[in-house]
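S.K.: Have a look at the structure that comes next, please.
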Amino acid sequence: MIRSSVLIRSPWAMPAVIVGFCAALAAARADAQTAARGTTARGTPPAAPAAAGRADYRSQHFYVHTDISAAEAKDLLERLEYMLGLISVYWQKPASGIIEMYVVKDLAIWPAGSLPDEDGRLMIKAGGGLTISQVLGNTGKSTVYAKADHGTPQHEAVHAYCHQNFGTSGPTWYSEGMAEMGNYWRKNDAAVKIHEGIVAYIRKSEPKTLNEIVNGNEQTGDSWQNYAWRWALCHLLANNTNYAANFRPLGLGILNRKPVSFEQTYGAMADQISFEYVFFLKHLTNGYRADLCSWDWKRKFLAMAPGSSRVVRVMANKGWQPSGVLVKTDVEYEVNATGSWKLDPKVTKPLTADGDDAGEGKLVGVIFKDYQLSDEFEVGATTTLKPPSDGQLFLRMKSDWGSIGDNTGTIDVKIAVAK
């Protein structure tokens, strides 16, 4: 739910209310934020309790009123400052002003009047969060109300940053998707790291289409399921090498109220994005690397003449890779693969293209045609390939999608038309 008013002339602004996750998603959040922090917040214990069971804590960019312990408050401020540093770099704008937050663990010790806004109390009671921003032109002053779980304060702090620095957080799909992105971001780490409940929901559900996410009549605070789809789309676009270069300028254009849109930015890539989006959802797991699993749409594929051959190098730490060969069902191909690779350089020995006894690490293939994939089939070190369908041949190391980034090594694959 968003109630917003941007003032041009008046020195006062009406609240813009941005509602964060409701209780269902608050319950579905947990770990994933404690890894790899590069910034330490300057949080200090309060001089005196604000009230029985409550206290105030400060860091460089946050002023937090809360009933969590001093140790928990210190950890929260460190996470908030770390996240703020990352999103400030991404959106190319240093944080301005102090973000005031009410982070509540037990509402029973917050009597009437202790929380300045009743809507904030209601959202905390429901297990979620709310950001109220007074917006004037392109800037604002934000106050956050959040349940003291592990993710809601960070999610809402992204909204607060956007409103204080840009005066908006953009349309619902971008606003909420990027708030979840900010919640899970880690420096120089593109791997998926979200709650397993979200992974399970997305994997078993019929995917929402891009049009439903971007152009649907959806509102902030509607459901944790809708938040999951928005996160998925933003994560893919921000990390996939085919789309990331355009995604940041699109977002900055949105936040700076430029005449930009999703359709203008990605319209020419609609088929490719739709394919990679569905592929991402189907194989989603913690550890998945959208950057390493990006499809190569620029590689040209050609049919092979009788007696000809071609050599392609396949990397262990990437998803499906183009062979450049346009295969046909009425042609047989001799495949010979040399070299070695490892599933995990720390614990496994080098493997040939035949993989291990369980079949992991084996060279496998798939046929791509008209944005559809055949079933995966085994190739191995030596085989006579009889393609299941006409189309473009792609190859990869058989490996769990969540651990591709751990693999090392390459295999050289010689493909020849059988005599």
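A short reminder: the numbers here are calculations on the coordinates, not readings from a lab. All figures in this text were calculated on a predicted structure; none of them were measured in a lab. Every residue, glycine among them, receives a Cβ derived from its backbone with ideal geometry; neighbour counts consider all protein chains shown.
S.K.: Pop a pseudo-label 7 angstrom from the Cα along the beta-carbon direction at both Lys300 and Ser389 and give the gap in nm to one decimal.
M.R.: 2.6
S.K.: Also, I was wondering about something else. How large is the charge dipole for the chain, taken about the Cα centre, if only the Cβ atoms of Lys, Arg (+1) and Asp, Glu (-1) carry charge, to the nearest 20 debye?
M.R.: It comes to approximately 1000 debye.
S.K.: Could you list Val331, Val135 so that the one with the fewest beta carbons within 10 Å of its beta carbon is first and the one with the most is last?
M.R.: The most exposed by this proxy come first: Val331, Val135.
S.K.: First measure r as the distance between the Cβ atoms of Gln219 and Lys419, then evaluate 1/(1 + (r/R0)^6) with R0 = 51 Å and state the FRET efficiency to the nearest 0.05.
M.R.: Computed FRET efficiency for Gln219 and Lys419: 0.20.
S.K.: List the trypsin sites (Lys or Arg not before Pro) in segment 302-411 that DSSP assigns to loop (not H, G, I, E or B) and whose Cβ has at most 11 other Cβ atoms within 10 Å. Which are they?
M.R.: Here the trypsin sites (Lys or Arg not before Pro) that fit, given the DSSP loop and packing criteria, are Lys346.
S.K.: State log₁₀ I(q)/I(0) for segment 82-133 at q = 0.13, 0.27, 0.30 Å⁻¹ as given by the Debye formula over alpha-carbon point scatterers of equal weight, solvent excluded.
M.R.: Normalising to I(0) and taking log10 leaves -0.45, -1.03, -1.19.
S.K.: Can you sort Ser69, Ser142, Ser399 so the residue with the fewest Cβ neighbours within 10 Å comes first?
M.R.: On the way: Ser69 11, Ser142 27, Ser399 22.
Fewest-to-most ranking of Ser69, Ser142, Ser399: Ser69, Ser399, Ser142.
S.K.: While we're on this one: Provide the descending list of Cα extents for segment 309-417 along its principal axes, expressed in whole angstroms.
M.R.: 43, 26, 22
S.K.: Taking 0.36 nm per intervening residue step and subtracting the Cα-Cα distance, what contour gain separates Val260 from Ser96 on full extension?
M.R.: Extending this stretch completely gives an extra 56.6 nm.
S.K.: What distance in nm separates the simple spin-label points at Arg248 and Lys282, each placed 7 Å from Cα in the Cβ direction?
M.R.: If labels sit at Arg248 and Lys282, their model points lie 3.1 nm apart.
S.K.: I would also like to ask the following. What FRET efficiency comes out for Thr338 versus Ser114 if R0 is 56 angstrom and r is the Cβ-Cβ distance? Round to the nearest 0.05.
M.R.: E(calc), rounded to 0.05, equals 0.20.
S.K.: Sticking with this one: Where Lys and Arg each count +1 and Asp and Glu each count -1, what net charge lies around Asn336 among other residues with Cβ under 10 Å from its Cβ?
M.R.: After counting each charged neighbour, the total is -1.
S.K.: Note down the nm distance, to one decimal, between modelled labels 7 Å out along Cα→Cβ at Arg310 and at Asp330.
M.R.: Here the modelled spin labels are 2.0 nm apart.
S.K.: Something else about it: Distance from a point 7 Å along Cα→Cβ of Gln372 to each backbone N in segment 380-395: keep the residues under 13 Å and list them by number.
M.R.: 389-391
S.K.: Where nothing but the Cβ of Lys and Arg (+1) and of Asp and Glu (-1) is charged, how large is the charge dipole of segment 309-417 around its Cα centre, in debye to the nearest 20? Don't skip to the answer; put the middle values down first.
M.R.: Working: 13 positive and 16 negative charges, 83 e Å.
Computed charge dipole of segment 309-417: roughly 400 debye.
S.K.: So how tilted is helix 172-184 from the main axis of the chain? Cα-based, degrees 0 to 90, rounded to 10.
M.R.: Value to nearest ten degrees: 90.
S.K.: Over 35 Å apart: what share of the alpha carbon pairs of the chain falls there, rounded to a whole percent?
M.R.: 37
S.K.: Return one number: the angle in degrees, 0 to 90 and rounded to the nearest 10, between the long axis of the Cα atoms of helix 270-282 and the longest principal axis of the Cα atoms of the chain.
M.R.: Approximately 80 degrees, to the nearest ten.
S.K.: Here is a follow-up. Mind jotting down the distance between the C-alpha centroids of segment 373-411 and segment 156-235, whole Å?
M.R.: Centre-to-centre (Cα) distance: 32 Å.
S.K.: Pick out, from Tyr333, Thr408, Thr383, the residue whose Cα sits farthest towards the positive end of the charge dipole of segment 309-417, with +1 on the Cβ of Lys and Arg and -1 on the Cβ of Asp and Glu.
M.R.: Checked the options; the winner is Thr408.
S.K.: Right, something else. Can you put Met181, Met304 in order of Cβ neighbours within 10 angstrom, beginning with the fewest? The partial results should precede the final answer.
M.R.: Working: Met181 22, Met304 18.
The most exposed by this proxy come first: Met304, Met181.
S.K.: Could you pull out the trypsin sites (Lys or Arg not before Pro) across segment 211-295 that fall in loop regions by DSSP (anything but H, G, I, E, B) with no more than 16 other Cβ atoms inside 10 Å?
M.R.: Values: sites: Arg230, Arg257, Lys282, Arg289; in loops: Arg257.
Here the sparse-neighbourhood loop sites are Arg257.
S.K.: Between 0 and 90 degrees, rounded to the nearest ten: what's the tilt of helix 152-166 against the longest Cα principal axis of the chain?
M.R.: 80
S.K.: Still on this structure: When only C-alpha pairs under 8 Å and at least 6 residues apart count, what is the relative contact order of segment 273-355, in percent? Before the final figure, lay out each step's value.
M.R.: On the way: 55 pairs, mean separation 19.0, N = 83.
For segment 273-355, the relative contact order is 23 percent.
S.K.: Where in segment 349-405 are there chymotrypsin sites (Phe, Trp or Tyr not before Pro) that are in a DSSP coil and have at most 13 other Cβ atoms within 10 angstrom of their Cβ? If you can, show how the numbers build up before the last one.
M.R.: On the way: sites: Phe368, Tyr371, Phe377, Phe394, Trp401; in loops: Tyr371, Trp401.
Listed in order of number, the matching sites are Tyr371.
S.K.: Taking 0.36 nm per residue of sequence separation and subtracting the Cα-Cα distance, how much length would be gained by fully extending the chain between Lys193 and Thr209, in nm to one decimal? Don't jump to the answer; show the numbers that get you there.
M.R.: On the way: separation 16, 0.36 × 16 = 5.76 nm, distance 2.27 nm.
Length gained, Lys193 through Thr209: 3.5 nm.
S.K.: Okay, next question. How large is the charge dipole for segment 57-194, taken about the Cα centre, if only the Cβ atoms of Lys, Arg (+1) and Asp, Glu (-1) carry charge, to the nearest 20 debye?
M.R.: With Lys and Arg at +1 and Asp and Glu at -1, about 280 debye.
S.K.: Also: Find the Cα radius of gyration of segment 86-234, compare it with 2.2 N^0.38 Å by division, and give the number to two decimals. It would help to have the intermediate numbers written out before the result.
M.R.: Numbers: Rg = 15.8 Å, N = 149, 2.2 N^0.38 = 14.7 Å.
Expressed relative to 2.2 N^0.38 Å, the Cα Rg reads 1.07.
S.K.: Lysines within cross-link reach of Lys74: Cα-Cα under 29 Å, excluding same-chain residues under 8 positions apart?
M.R.: Answer for Lys74, where 29 Å is the Cα cut-off: Lys93, Lys105, Lys125, Lys141, Lys147, Lys187, Lys193, listed by chain and number.
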